[in-house]
Amino acid sequence: MEEVISLVKDVFDINISNIKVIDGDVNYSSLKYSLKDESGNRYVLKIYPDEDELLLAQEESRIFNEIGSSLTFKVPQTIPTPQKSLFFNHEKGKAKLQQYIEGDLLADVQQTPELLHLLGEKIGELTLQLNKVKSPVLASRKLFWDVQNAPLSYFKIDFIEGAERRKWVRYFFDRFEHNVIPVLHELRQAIVHGDVNDRNVLVKNGEVEGILDLGDSTHAPIMFEISTAMAYAMMNKQNAFKEVIPMLKGYNKMFPLKKAEVELLADAITATLCISVCNSSEKRHFQEGTEYDLLSEKPAWDLLEKWITINPVFVTNTFLTALGFEINDAESKRSALLESRKKVTSDALSISYDPPIYMTSSAFQYMFDGLGNTYLDMCNNIPHVGHSHPLISKAISNQTRMLNTNTIYLYDEFTDYAEKLLSYFPSQLNKVFMVNSGSAATDLALRIARTHTKRSKITILESGYHGNSTLGIEISSYKFDGKGGQGAGASVIKLPLPNMYNGTFNTADEYVQDAIERIKTSIAEGETPCAFIGEMILGCGGQVPLAPGYMKALNQFLQENGILTIADEVQTGFGRLGKWFWAFEMHDFIPDIVVLGKPIGNGHPIGAVVTTSEIADGFANGMEFFSSFGGNPVSCAVAHTVLHIIEEEKLQENAKVVGEALKDKLVALQSKHQCMGDVRGEGLFLGIEFTSADGTPDSAIASKVKNELKEQFILVGTDGPNNNVLKIKPPLCFDLNNANEFIAKLDGILSA
Ligand code: PMP
């Protein structure tokens, strides 16, 4: 250090009385010293052994010295040598001497609204000055910290521990890619500091004293200056969305943002947070992370986790309103939409809630409306792995860019997916046909059964629903026995629903005997049915599990009489029941045909029929089977991804753990609320049947609970022949916190 002291004396004629090494950032090789001269003036001396770092340091000194005098706060000023050079020689490389800026790190002081407002103003000033700076050196940098380069961090997602966290990051990057990247070129650009975090800001006497470090500067959209600063400022804040507003306002006062820029802020902030957690995960993975690198890791995750639950409209409206911009009138939009909808379609196309919800986006188990509200989705079982899952979006767009055709050609996706899907079935269920909906799958299953058996009558369960096609309605008691229906037709044998709660009989055996009698009567009349079709837990019928033992015994009789068993797994399949991947497994028998839909494509329209080779062979009677869309490469890629996500995110296990906990809590509530007549179901496929004091179905309570829950931002459905059953069938990423929130709200509503 003696040589540093004598160098400073030689070059500047300054007598240094005190010198200390500053612990540097291990990512940089520069050496830093804190110096004090005899009159108490303080300096920082930096030495750059690395040529690349030197180039940047020279640019930093040039720019800070150029703009320093125009700012109302300090930026490090490099002291020129008597020869007017900013750098001088040291034995290890070039060196520079800077004036020291007094103050505490923003990280170490209380961040009051006033201080954050001031900081916003100072960042705005910085923007105004940097706007005037030209720097080919900074403009040519390509940094992964630069928000516009968010895609450079994608490969690091694999380093993130925990499938859920990887999913969040992919989701936010997806939004950035969708909303920001296409308009990057329209945004105002300039040199930006790019890293105004709480360790680069110095505070003295409640004022912003200085801003340091151009180490992450690039030429970028200007709005990323404030979005990045906001990302850092929002970490570790109780009420981050509110507390960051003064900073935004301060910035806007000095450098007014355009509405289009404000509308991109949320996606830019989350992109910064994601870049940050990608970086810490990579460092952690290679065990390279310094304390400094990992400092923001936890708060960044906390903020992202919170952010997933917040409606993007809410965030953007908060920012827009704070800056005096008008927000979209979603209320009028909703009314107009409803009017238009009435014009273009009929009331037969039903809609939930009055007024209906105008949905604008979604994330996993959350749905977001145009007004800025977040709904916890507990009733949509189609987005099985979650709404807007980024891997699903990617599967769709990737495949549609390459090839989308139909099954008259050979392509990998069909066979790859078919093999994968069949691997989830017992070995004799080894043939698959693909269609575009549950209804089409039911229809095809029956066509196969009729062709194979050369018979036509169909045995069904009371309250069952299997599809919207003409045949679907004919075999769905839920429809033909419901409003506008005309009762069972001659083509069906309807069996009483083997319901263990308030059913016709008390035991499975009685139900089975009754079913056998009815089928035998038809056989005696010369009409042996071709098949029996049923769900193992009836969904539309009111979440009713078939009496334990019923299917095994009935299936035995059906087999003996050459009647095929069709399991409708449209609602119950793909791990929703937790303990079982397919609902037929809970009844310990193997159906002849399985019908698949809803969750199979997470919302992408696909359905499938799985059967044995014997039955499939019987179906190949010369009349070909063709579906224009069934089994197309895009659908197969999506459905394959659904299975991948179920495995990667352990969603069946989640359905079991969360479903059992939720059911236990519901059962516990039952003793408190008499009207909860029955709590039933498996995994994340549960039902609460509401009854009056005398035990009769109470649709009024069910409807009130459903509507009150909606007022409290939870979506559930009601169903069953008496519409008195609350249906719970959320996306499988539904978690324990969600369950607790639901229980608390349900309890509150029922207590009231
Ligand atoms: N089967 C069951 C059990 C269903 O719940 C449904 C849809 N509610 C269908 C079949 C028909 O499926 P989709 O609406 O895809 O035609």
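Would you please classify the overall shape of the stretch 367-499 from the alpha carbon gyration tensor, given that a ≥ b ≥ c denote the square roots of the eigenvalues, rounded means a/c under 1.5, and beyond that prolate means a/b larger than b/c while oblate covers the rest?
oblate
Cβ neighbours within 10 Å, averaged per peptide: list 275-287, 562-574, 413-425 in order, most packed at the top.
562-574, 275-287, 413-425
What is the Cα centroid distance between the stretch 464-490 and the stretch 405-428, reported in whole angstrom?
Between the Cα centre of the stretch 464-490 and that of the stretch 405-428, the gap is 32 Å.
Would you calculate the separation in nanometres between label points at Ala668 and Asp302, each defined as 7 Å from the Cα along the Cα-to-beta-carbon direction?
In this crude spin-label approximation the distance works out to 2.7 nm.
Sorted by packing (mean other beta-carbon atoms within 10 Å per residue), highest first, where do 366-375, 727-736 land?
Top of the packing list down: 727-736, 366-375.
Based on alpha-carbon positions alone, could you give the equivalent ellipsoid semi-axes of the stretch 161-248 from the gyration tensor, as √(5λ), descending, whole Å?
25, 20, 13
Need the C-alpha centroid separation for the stretch 344-369 versus the stretch 87-113, integer Å.
So the two Cα centres are separated by 55 Å.
Counting helices only, and only those DSSP H runs with n ≥ 4, report the 222 nm mean residue ellipticity of the chain as the sum of -39,500 (n - 2.57) divided by its residues, in deg cm²/dmol to the nearest 500.
-13000 deg cm²/dmol
Under the rule a/c < 1.5 gives rounded, and otherwise a/b versus b/c splits prolate from oblate, where does the stretch 99-162 land using the Cα gyration tensor?
Oblate, because a/c is 1.5 or more while a/b does not exceed b/c.
Could you work out the relative contact order of the stretch 106-248? I mean the mean sequence separation of Cα pairs under 8 Å and 6+ apart, divided by the number of residues, in percent.
35
Report, in degrees rounded to the nearest 10, the 0 to 90 angle that the Cα long axis of helix 412-422 makes with the longest principal axis of the chain.
Long axis of 412-422 versus the principal axis of the chain: about 60 degrees.
What whole-number distance in Å separates the alpha-carbon centres of the stretch 192-227 and the stretch 521-548?
69
Evaluate the charge dipole of the stretch 118-226 about its Cα centre and quote only its size in Debye, nearest 20, assuming +1 on the Cβ of each Lys and Arg and -1 on the Cβ of each Asp and Glu.
280
Suppose every K and R has +1 on its Cβ and every D and E has -1 on its Cβ; what is the size of the dipole of the stretch 232-279 about the Cα centre, in Debye to the nearest 20?
For the stretch 232-279, the charge dipole is close to 220 debye.
Listed here are the pairs Lys96/Lys237; Lys259/Lys306; Lys96/Lys259; Lys479/Lys552; which of them are more than 32 Å apart at the Cα?
Exceeds cut-off: Lys96/Lys237; Lys96/Lys259.
Under the Karplus relation 6.51 cos²θ - 1.76 cosθ + 1.60, θ = phi - 60°, what is the ordered set of whole-Hz ³J(HN,Hα) values for the stretch 358-363, x standing for Gly and Pro?
Calculated HN-Hα couplings, in order: 9, 7, 10, 6, 6, 8 Hz.
Can you tell me the 0 to 90 degree angle between the C-alpha axis of helix 390-402 and the longest principal axis of the chain, rounded to 10?
Long axis of 390-402 versus the principal axis of the chain: about 80 degrees.
Taking H as built 1.01 Å from N, whose amide H comes closer than 5 Å to the amide H of Gln189, not counting residues under 5 places away?
Ile222
On a 0 to 90° scale, report how tilted helix 508-524 is relative to the longest principal axis of the chain, with both axes built from alpha carbons and the result rounded to the nearest 10.
Taking the Cα atoms of the chain, the angle to 508-524 is about 60 degrees.
Compute the FRET efficiency between Gln486 and Ile181 as 1/(1 + (r/R0)^6), taking r as their Cβ-Cβ distance and R0 = 56 Å, and round to the nearest 0.05.
0.55
How many nm is it between the label spots at Asn205 and Leu105, if each spot is 7 Å from the Cα in line with the beta carbon?
Here the modelled spin labels are 2.4 nm apart.
Using a 10 Å cut-off around each Cβ, can you sort Ile448, Ile226 from fewest to most neighbouring Cβ atoms?
With the fewest neighbours first, Ile448, Ile226 line up as Ile448, Ile226.
Between Rg and the Kirkwood Rh of the chain, both from Cα atoms, what is the Rg to Rh ratio?
Rg/Rh: 1.10.
Whole-Hz ³J(HN,Hα) for each residue in the stretch 655-662, computed from phi via Karplus 6.51 cos²θ - 1.76 cosθ + 1.60 with θ = phi - 60°, x for glycine and proline: what do you get?
4, 5, 5, 5, x, 5, 4, 5
Please list the non-local residues whose amide H lies under 5 Å from the amide H of Ile14, H modeled 1.01 Å from N, same-chain partners needing a gap of 5 or more.
Lys9
Can you tell me the order of 262-269, 398-405, 347-354 when each peptide is scored by its average per-residue count of other Cβ atoms within 10 angstrom, highest first?
Packing proxy ranking, top to bottom: 262-269, 398-405, 347-354.
Quick one: what do you get for the stretch 617-737 if you divide its Cα Rg by 2.2 N^0.38 Å?
Ratio of Rg to 2.2 N^0.38 Å for the stretch 617-737: 1.45.
Would you pull out the residues with amide H under 5 Å of Gly607's amide H, same chain only if 5 or more places away, H placed 1.01 Å from N?
Amide H neighbours of Gly607: Val435, Asn436, Ser437.
Describe numerically, in nm with one decimal, the distance between label points set 7 Å from Cα along Cα→Cβ at Lys333 and at Thr415.
Those two pseudo-labels are separated by 4.7 nm.
Multiply the residue gap between Ala524 and Lys394 by 0.36 nm, knock off their C-alpha separation, and tell me the result in nm, one decimal place.
41.2 nm
Can you give the FRET efficiency for Ser628 and Arg42, using 1/(1 + (r/R0)^6), R0 = 51 Å, r = Cβ-Cβ distance, to the nearest 0.05?
Calculated value: 0.10.
Mean separation of Cα pairs under 8 Å and 6+ residues apart, divided by the residue count of the chain: what relative contact order is that in percent?
11
In the chain, with Lys and Arg counted as +1 and Asp and Glu as -1 at Cβ, which of these residues, Val137, Leu257, Ser6, has the Cα nearest the positive end of the dipole, that is, farthest along it?
With unit charges placed on the Cβ atoms, the residue in question is Leu257.
Stick to the Cα atoms of the stretch 329-392, pair each with every other, and give me the Kirkwood hydrodynamic radius in Å at one decimal.
For the stretch 329-392, inverting the mean 1/r across all distinct Cα pairs yields 13.2 Å.
Using R₀ = 35 Å, calculate the FRET efficiency as 1/(1 + (r/R₀)^6) where r is the Cβ-Cβ separation of Glu3 and Glu291; round to 0.05.
0.70
Out of the DSSP beta bridges found with both residues in the chain, what percent are antiparallel (nearest 5)?
Just about 80 percent of them are antiparallel.
With an 8 Å Cα cut-off and a minimum separation of 6 or more residues, compute the relative contact order for the stretch 1-80 in percent.
Relative contact order comes out at 17 percent.
Just check the stretch 580-628 against the gyration tensor rule for me: Cα atoms, a ≥ b ≥ c as the square roots of the eigenvalues, rounded for a/c under 1.5, and otherwise prolate or oblate depending on whether a/b exceeds b/c.
Note, shape of the stretch 580-628 comes out oblate.
Taking the Cα centre as origin and putting +1 on Lys and Arg beta-carbons and -1 on Asp and Glu beta-carbons, what dipole magnitude results for the chain, to the nearest 20 debye?
Here the chain has a charge dipole of around 1260 debye.
Run the numbers for Asn561 and Glu517: contour at 0.36 nm per residue of separation, minus the present Cα-Cα distance, in nm.
14.5 nm
For the stretch 129-143, what does the Karplus curve 6.51 cos²θ - 1.76 cosθ + 1.60, with θ = phi - 60°, yield as ³J(HN,Hα) per residue in whole Hz, taken in order and with x for Gly and Pro?
Here the 3J(HN,Hα) series is 6, 5, 4, 8, 8, 10, 8, x, 4, 6, 5, 8, 7, 10, 10 Hz.
Every number in this text was worked out from the coordinates using simple rules, so none of it is lab data. These figures come from a predicted structure and were not determined experimentally. Don't worry about glycine lacking a Cβ; one is built from the backbone with ideal geometry, like all the others, and counts go over all protein chains shown.
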